């Protein structure tokens, strides 16, 4: 009876926005002057696709970090599992809450669900207030001069810069409000009850042991940003494609789960440049990478089934090969091409892969093996800690040539020359391929020779290493011929990077 006489709370529903700072929803809840009831609901039935195994690992730790941050403020995160609409309506009725605050997820299926949720809550006298806490701007809010959504990145980025959206000024004043959690709040579930932690392999091995190089949570995200700006931004533009140097920010999983805002990243980057003008070039390139994420969410809004449907529908008749053996070798990192294999092993061992290597590995699957991009995208979705519903499929479609602003069909990454260019001393390959000789000339013959037998002999420089499963030159010619057959409008000549 006491709970019905008490001041009704504002329900703060966390989703893909697992932080407390630079968060419009948190600020609105605290500014309401009402108690704040923080809740997370594990509801796999409302998203376009369920989380992959690696993402679940991250989510578990991110929720633990958020719960710890809330406890430090005299509150706690209430975890529930089931139908979000039923749970939220039940909480609203039990505690007479009239406001439920949450963030946009920009997941197409969830957006539809939110419309139904808003209607259901209205029927019991409650309102759903959504905030944009994960992007710089709403998808496709910027349009071309013809009023159409952007499908080419460069003009999109120019429009984003011209809009002033990137000129972020954050309010440094602390947000205050009533965080304390009354005893009457529901107990909720233990985090472990969600079953997000990966199960050991049949042999008892913890396959996620290598993920510990990351620190999920808002504090981890802020620390990662500070480290990147201090140590790597200066040479980011010239060396970001070097997996051996590993100068990327590693912020992508933190962004994926909303542990840091893109506004915070831009703000801190601008402060770093103000203090050191030599960081300007690196900062410009870094901002462009952040803008690609914004562009990808615009594509997802245009094609809600971006992970399953070709953005360019004329690719629907493309002649993909049914090659389970080749796909399995690719997944295991046993293609015989060290750059590809090192990347796939990095992915399996660490839940991450350097962006340059992602492009090389993806290109190998869809062009050397002519395997449907959707199979590769799904593998990445399951294995990547930063598996993003927009970035992941948009990037795969870019490589395959079926996406918006896609790579031209004749761009077929040569995994040998890519390794020589971006891993010149073989240090990245040696990191993931046992016995790899750190001599970049060792594979030079593969670039010059088309004799598979010669490649088999030379490959024995690496103990127990597999021979190439396909000849690069032959695979390239096969890919060019297949892509040309797709359309009469294709170019007559190809070139490789």
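Of all the numbered requirements in (1) under 15 Å from the mean Cα position of the chain (by Cα); (2) not in a loop (DSSP other than H, G, I, E, B), residue 385 misses one, and that requirement is (2). Elements of the type helices (runs of 4 or more DSSP H) sitting completely within segment 38-156 and holding at least 3 residues that are farther than 26 Å from residue 265 by Cα: these cover 84-95, 108-123. Residue 307 meets each of the listed conditions (1) closer than 16 Å to residue 400 by Cα; (2) assigned by TED's automatic domain parsing to the domain that holds residue 363; (3) not in a helix (DSSP H, G or I) apart from (2). Among the residues of segment 348-382, write down those that are outside any helix (DSSP H, G or I) and either farther than 24 Å from residue 135 by Cα or at pLDDT below 95 (or both). Selection gives 369, 370, 371, 372. In segment 115-142, the residue that is surrounded by the most Cβ atoms within 10 Å (Cβ to Cβ) out of those that are over 22 Å from the mean Cα position of the chain (by Cα) and without any contact (Cβ under 8 Å) to a residue 12 or more places away in the chain is 118. Screening residue 246 against (1) buried (at least 16 other Cβ atoms within 10 Å of the Cβ); (2) touching a residue at least 12 places away in the same chain (Cβ under 8 Å); (3) more than 16 Å from the chain's Cα centre (by Cα) leaves a single unmet condition, (1).
The values are calculated or read from the model by the stated rules, or taken from the named source; none is laboratory data. None of the values given here were measured: they were computed from a predicted structure. Don't worry about glycine lacking a Cβ; one is built from the backbone with ideal geometry, like all the others, and counts go over all protein chains shown.
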